[in-house]
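Engineer: Structure provided below as structure tokens; questions to follow.
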Amino acid sequence: MADKKAQLIIEGAAPVELPILTGSVGPEVIDVRGLTSTGRFTFDPGFMSTASCESKITYIDGDKGILLHRGYPIEQLAEKSDYLETCYLLLNGELPNAEEKATFVSTVKNHTMVHEQLKTFFNGFRRDAHPMAVMCGVVGALSAFYHDSLDIKNPQHREISAIRLIAKMPTLAAMVYKYSMGQPMIYPRNDLSYAENFLHMMFNTPCEIKPISPVLAKAMDRIFVLHADHEQNASTSTVRLAGSSGANPFACIAAGIAALWGPAHGGANEAVLSMLDEIGDVSNIDKFIAKAKDKDDPFKLMGFGHRVYKNFDPRANVMKQTCDEVLAELGIQDPQLELAMKLDEIARNDPYFKERNLYPNVDFYSGIILKAIGIPTSMFTVIFALARTVGWISHWKEMLSSPYKIGRPRQLYTGYDQRDYPPLESRN
Ligand code: SDX
């Protein structure tokens, strides 16, 4: 909705009027699409001040530490909802009634198996390959199984693709783990909940089927909810960009997995545990805080800071509370949690971090819980990718459900102007 205008005054040129658009809540945006008439582009490396699209899925207020999924606060969803219900909400815009929820859960359960031939893809990987490398490969390979039965312009095809991805990611993630362990892959079971089924496929073997701890299943489901979606972050923007070319949704999700892998993004949860290992003891915290502040040192405090949250990350608060609950219920005294809490306390009171609004983000405490559940560090980002799949595919679906254009940014070119080709003998 454009009820205000911005005026751009360019020396020697007529002023340019640009509409200011207002959303239902949050910052206004200046619609710069009219700039092309001036032959100029906006310049915004890293998209620090760019809104790439209109969306109704997730709203973040970084100053107030607010995260809403279709209007519902993440704190309420984490406490009262569950992951599959949150998936329904993100995909469809409303919470399901009892019948809709039962149908959705049943539909997902009936798509958890993967094509038996997919197993052969794993054999090409070394057993010690990073799980995210394998995940990129096998999720991308799904596109080979569904490409012909997929018309992305067909809403029903888009819906079944979303269901297939949400249903199959836990199965693939567990297969990735089992392959790395040299253990047989475990088939999904339809009598278990989504989180129970994942833990069953991860930790049971053909020799012994142990019941899944309800404490661990609840913690796992809570972690899935907290990672489900987060507006236009790097990996979601990657999925939208890939999808804007009309690419197969399974290939788009594989692109999202690749983008999430980076330590500045979803790879941070694994990097936090490595950092805590490196710090080792509370007595070393000051040394590492100094390294994090030293501009000549590339070291950053992993799990701290965020592009949008300039106050607390509401997910980190819920994660910390879950951490306390799970460790208490399991009777675990984890020295890494003590170290993390001390690091959190010292950093929050350090002027460098306070001036830059650097607070713990979603990745700071999640690794402690995943470790308590028994997930190896190398699988942490795979868990993030599993949970974020619903966010990625919801944004993909939202983009394809209304008119869109292929994403094609321009640039500020600072290379050579045109010059002629010199013959080889003339080059010194
Ligand atoms: C996720 O976007 C999303 O929504 C992502 C995510 C999601 O759910 O999808 O929330 C998930 O990716 C969370 C972030 C996980 N990454 C980390 O924990 C890695 C450590 N954090 C940093 O790399 C950094 O904070 C970022 C990448 C998260 C944000 O980087 P920005 O917004 O580009 O900010 P910046 O790097 O420009 O930092 C501003 C200042 C700089 O100092 P000055 O140049 O102003 O002196 O703060 C400093 C930075 O050097 N800084 C840090 C720091 N993070 C920023 N200094 C030390 N340790 C840090 N962690």
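Engineer: How far apart, in nm, are the 7 Å Cα→Cβ label points at Thr50 and Tyr416?
Structural biologist: 2.8 nm
Engineer: Continuing with the same structure: Counting pairs of alpha carbon atoms under 8 Å apart in space and at least six apart in sequence, what relative contact order in percent does the chain give?
Structural biologist: Relative contact order of the chain: 20 percent.
Engineer: OK, next. State the percentage of accessible surface on the chain attributable to carbon and sulfur atoms; use a 1.4 Å probe and exclude ligands, DNA and RNA.
Structural biologist: Ligands and nucleic acids excluded, carbon and sulfur reach 54 percent.
Engineer: With a sphere of radius 12 Å drawn around the Cβ of Ile285, what net charge do the other residues whose Cβ falls strictly inside it have (Lys, Arg +1; Asp, Glu -1)?
Structural biologist: My count for the surroundings of Ile285 gives -4.
Engineer: Separate question: Hey, what do the phi angles of region 157-171 turn into as Karplus ³J(HN,Hα) couplings, whole Hz, using 6.51/-1.76/1.60 and θ = phi - 60°, x for Gly and Pro?
Structural biologist: Using θ = phi - 60°, the values come out as 5, 5, 5, 5, 5, 4, 4, 4, 5, 4, 6, 8, 4, x, 5 Hz.
Engineer: Now a separate question. What is the Cα centroid distance between region 195-236 and region 148-193, reported in whole angstrom?
Structural biologist: For region 195-236 versus region 148-193, the Cα centre distance is 14 Å.
Engineer: Going by the alpha-carbon gyration tensor, a ≥ b ≥ c the square roots of its eigenvalues, is region 253-321 rounded (a/c under 1.5) or, if a/c is not under 1.5, prolate (a/b greater than b/c) versus oblate?
Structural biologist: prolate
Engineer: Net charge near Ala228: determine it from the other residues with C-beta under 12 Å of the C-beta of Ala228, scoring Lys and Arg +1 and Asp and Glu -1.
Structural biologist: Charge balance near Ala228 sits at -1.
Engineer: Taking the Cα centre of region 4-110 as the origin and placing charges on Cβ (Lys, Arg +1; Asp, Glu -1), which of Phe47, Gly71, Gly26 is farthest toward the positive end of the dipole?
Structural biologist: After comparing all options, I get Phe47.
Engineer: What does the charge count around Met113 come to, taking other residues whose C-beta lies under 12 Å from its C-beta (Lys +1, Arg +1, Asp -1, Glu -1)?
Structural biologist: Neighbourhood net charge equals +4.
Engineer: Which entries of Lys218/Lys397; Lys218/Lys320; Lys119/Lys168; Lys210/Lys320; Lys310/Lys371 have Cα-Cα distances beyond 19 Å here?
Structural biologist: Flagged as over cut-off: Lys218/Lys397; Lys210/Lys320; Lys310/Lys371.
Engineer: About the Cα centre of region 266-330, how large is the charge dipole given +1 on each Lys and Arg Cβ and -1 on each Asp and Glu Cβ? Please answer in debye to the nearest 20.
Structural biologist: Value, rounded to 20: 460 debye.
Engineer: Would you mind checking region 303-335 for residues with the amide N under 13 Å from a putative spin-label position 7 Å along Cα→C-beta of Glu75?
Structural biologist: Output list for this probe position: 312-319, 321.
Engineer: Let me ask something else. Once you sort the root eigenvalues of the Cα gyration tensor of region 5-51 as a ≥ b ≥ c, which label holds: rounded (a/c under 1.5), prolate (a/b larger than b/c) or oblate (the other case)?
Structural biologist: It comes out oblate by the Cα gyration axes.
Engineer: A further question on this structure: Based on the alpha-carbon set only, what is the convex hull volume of the chain divided per residue, in Å³?
Structural biologist: 217 Å³
Engineer: Further question on the same structure: Given a 1.4 Å probe, how much area per residue of the chain is accessible, in Å²?
Structural biologist: Ligands and nucleic acids excluded, the result is 51 Å² per residue.
Engineer: What is the dipole size for region 24-180, taken about its Cα centre, with +1 at each Lys and Arg Cβ and -1 at each Asp and Glu Cβ, in debye to the nearest 20?
Structural biologist: 640 debye
Engineer: Give the angle, between 0 and 90 degrees and rounded to the nearest 10, that separates the Cα long axis of helix 83-92 from the longest principal axis of the Cα atoms of the chain.
Structural biologist: Approximately 30 degrees, to the nearest 10.
Engineer: Here is a follow-up. Nearest 0.05, what FRET efficiency do Thr22 and Gln117 give at R0 = 56 Å with Cβ-Cβ as r?
Structural biologist: 0.65
Engineer: Can you tell me the length gained on complete extension of the stretch Phe299 to Thr36, counting 0.36 nm per residue apart and subtracting the Cα distance?
Structural biologist: 90.6 nm
Engineer: What figure in square angstrom, to the nearest 10, would you give for the accessible area of Glu345 with a 1.4 Å probe?
Structural biologist: Its heavy atoms expose roughly 100 Å² to the probe.
Engineer: Please work out the FRET efficiency for the pair Ser274 and Ala14, using the Cβ-Cβ distance as r and a Förster radius of 60 Å; give the result to the nearest 0.05.
Structural biologist: My answer for the efficiency is 0.60.
The values are calculated or read from the model by the stated rules, or taken from the named source; none is laboratory data. Here the structure is a predicted model, which means the values were calculated and not measured. FYI the Cβ positions are ideal-geometry reconstructions off the backbone, even for glycines, and counts take in every protein chain you see. Only protein heavy atoms, including side chains, enter the accessible area calculation; ligands, DNA and RNA are left aside. Shrake-Rupley method; radii C 1.70, N 1.55, O 1.52, S 1.80 Å.
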